[in-house]
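These notes concern the structure reproduced below.
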Protein chains: 2
Amino acid sequence: MRPYSTYDSDTCSIARTLALIGDRWTLLVLRDVANGVRRFDEIAGHLGIARNILSRRLAGLAQAGLIERTAYREPGARERHEYRLSGPGRELVPILLAFMQWGDRNLAGPEGPPALVRHAGCGAPIRVSLTCDQGHELGERPRVWLEPGPGSRMRPGATPEGHALIG
Amino acid sequence: MRPYSTYDSDTCSIARTLALIGDRWTLLVLRDVANGVRRFDEIAGHLGIARNILSRRLAGLAQAGLIERTAYREPGARERHEYRLSGPGRELVPILLAFMQWGDRNLAGPEGPPALVRHAGCGAPIRVSLTCDQGHELGERPRVWLEPGPGSRMRPGATPEGHALIG
DNA sequence: CATACTAAGTTGCATATCGAAACCTAGATA
DNA sequence: TATCTAGGTTTCGATATGCAACTTAGTATG
């Protein structure tokens with residue numbers, strides 16, 4: 001099998017997703033929106049993000065269809081806007097939780113993790129795990145095998161020969 | 001329960017992890033290293049990253065203990081270096097796969113995903129899933145509940161009162 | 001009615017980070 | 001002695017980010 005480096009780096013789903021949400025703030029904005037911090041000033045105050053940057057990020061996320069900007073009006077107040085996760089946006093939750101789980105395990109102090117996630121249905125703690133279609137559960141340091149998929153593309157200018165690919 | 005925004009944003013495990021690997025390149029560097037692209041020039045060529053930035057990222061990742069820089073020498077060649085994931089680094093694989101899965105589902109073209117991941121043991125495709133301790137499997141758009149953990153911290157200057165927290 | 005207040009941005013400018021390309025270094029080879 | 005190559009480092013211009021002031025439109029206040 002050809003080495004991974006012969007495949008185009010930008011075609012990768014990781015690269016594509018990072019192009020959308022892979023800057024210093026976007027994932028934190030999504031975290032806040034997911035946690036019910038929905039209004040502009042509230043997000044800005046909580047994150048400490050510059051307002052112009054937040055403005056750009058929210059616009060970008062809305063355009064990408066990850067959040068929805070909706071108007072609402074409380075009685076006796078003027079119309080305001082709030083941001084909520086869209087369907088595809090809610091599918092990002094596993095990414096957020098994967099980050100959280102790694103941080104809990106590797107960066108938390110002796111007091112323990114700063115937050116706990118529970119299943120909204122039953123209240124039990126949640127874990128991110130990798131499972132294969134045969135039902136095997138892979139541990140915390142999984143050994144996986146990567147192979148080119150139908151949408152793979154060669155890197156322009158890559159030499160066509162190569163040796164083994166790992167996992 | 002207090003709203004999420006009354007808790008310190010930087011204490012969060014997501015924020016802490018992002019501070020380590022949350023820039024435009026680091027996750028791609030880790031992806032390449034995980035996939036056997038181990039040498040400086042090879043990574044630089046594959047990613048199209050500026051060499052000075054790659055140099056900084058590799059140094060940072062090594063200092064953080066996520067990758068290991070080891071010298072090796074092929075017979076009749078001079079000593080060289082290569083980078084490999086460390087133990088904690090391998091624990092980042094679920095993050096990479098969560099990104100990949102989201103991109104496969106939301107950004108792939110009609111041809112299909114650019115790559116497939118398989119269990120190194122049995123060869124079956126792998127999925128990232130959320131499961132709770134009672135054995136429930138949460139779907140693609142999970143509903144979860146967040147609550148403060150033992151390591152939580154109030155945001156300096158946050159008002160002590162607040163209403164409901166979502167999930 | 002005039003004034004002030006607030007949420008939700010926008011604008012202008014200073015600073016920090018990034019990228020491209022040239023340069024550097026040390027060991028192997030000719 | 002000169003050359004090649006992997007693995008960087010330096011320099012400098014281009015981008016991105018942060019900060020603070022300004023804008024806008026409804027709402028409340030005197």
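The values are calculated or read from the model by the stated rules, or taken from the named source; none is laboratory data. Here the structure is a predicted model, which is why all the values come from computation and not from measurement. When we count neighbours, we look across all protein chains shown, and the Cβ atoms used for this are built from the backbone with ideal geometry, even at glycine. Only protein heavy atoms, including side chains, enter the accessible area calculation; ligands, DNA and RNA are left aside. Shrake-Rupley method; radii C 1.70, N 1.55, O 1.52, S 1.80 Å.
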Task: Inter-copy label distances at A:A50 (7 Å, Cα→Cβ; nm, one decimal) - done: 1.7
Task: Scattering curve values for chain A, log₁₀ I(q)/I(0), Debye with Cα scatterers, q = 0.12, 0.16, 0.20 Å⁻¹ - done: -0.77, -1.14, -1.35
Task: Amide N proximity, segment A:6-30 versus A:R84 label position 7 Å along Cα-to-Cβ, cut-off under 20 Å - done: A:29-30
Open item on the list: Test of understanding: express the Cα radius of gyration of segment A:40-103 as a ratio to 2.2 N^0.38 Å, with N the residue count.
Closed with: 1.30
Open item on the list: Just to be sure I understand: if I project the alpha-carbon convex hull of the protein assembly as shown onto a plane and average over all orientations, what area do I get in nm²?
Closed with: 19.5 nm²
Task: Probe 1.4 Å, accessible area per residue of the protein assembly as shown, Å² - done: 49 Å²
TODO: Quick one: which residues, 5+ away or cross-chain, put their amide H under 5 Å from the amide H of B:I67? H built at 1.01 Å from N.
DONE: B:A62, B:S86
Task: Position B:G135, label points 7 Å along Cα→Cβ, spacing to each other copy in nm (shortest first, one decimal) - done: 1.2
TODO: Work out Dmax and Rg for segment A:121-160 from the C-alpha atoms and quote the Rg first, both in angstrom.
DONE: 17.3, 54
Open item on the list: Could you tell me the calculated FRET efficiency between B:R24 and A:R105, based on Cβ-Cβ distance and R0 = 25 angstrom, to the nearest 0.05?
Closed with: 0.50
Open item on the list: What distance in nm lies between label points placed 7 Å from Cα along the C-beta direction at A:R127 and B:A62?
Closed with: 3.4 nm
Open item on the list: Could you tell me how far the Cα centroid of segment B:49-83 sits from the Cα centroid of segment A:17-36, in Å?
Closed with: 30 Å
- [ ] Give the distance, in whole Å, between the Cα centre of segment B:91-109 and the Cα centre of segment A:96-150.
- [x] 14 Å
Task: Accessible surface ranking that places the most exposed of A:W25, A:W102, A:W145 first, with a 1.4 angstrom probe - done: A:W145, A:W25, A:W102
Open item on the list: Please find, among residues of chain B, the one with the beta carbon closest to the rotation axis relating it to chain A, distance in whole Å.
Closed with: B:A98, 2
Open item on the list: Averaged across A:22-35, how many Cβ atoms of other chains sit within 10 Å of each residue's Cβ atom?
Closed with: 4
TODO: For B:T11, A:T70, write out the residues from largest to smallest accessible area, computed with a 1.4 angstrom probe and no ligands counted.
DONE: A:T70, B:T11
Task: Label point 7 Å beyond Cα along the C-beta direction, distances from B:R78 to other copies (nm, shortest first) - done: 6.8
- [ ] Quantify, in whole percent, the carbon and sulfur part of the accessible surface of segment A:1-90 (1.4 Å probe; protein heavy atoms only).
- [x] 43 percent
TODO: Any chance you could look up the accessible area of A:C122 with a 1.4 Å probe, heavy atoms only, rounded to 10 Å²?
DONE: 50 Å²
Open item on the list: If each DSSP helix of 4+ residues adds -39,500 (n - 2.57) and the sum is divided by the residues in the protein assembly as shown, what number results at 222 nm, nearest 500 deg cm²/dmol?
Closed with: -10000 deg cm²/dmol
Task: Cleavage-rule hits, GluC sites (Glu not before Pro), segment A:62-121, DSSP coil, Cβ neighbours within 10 Å at most 12 - done: A:E79, A:E111
Task: For A:R153, residues with placed amide H under 5 Å, excluding near neighbours - done: A:D8
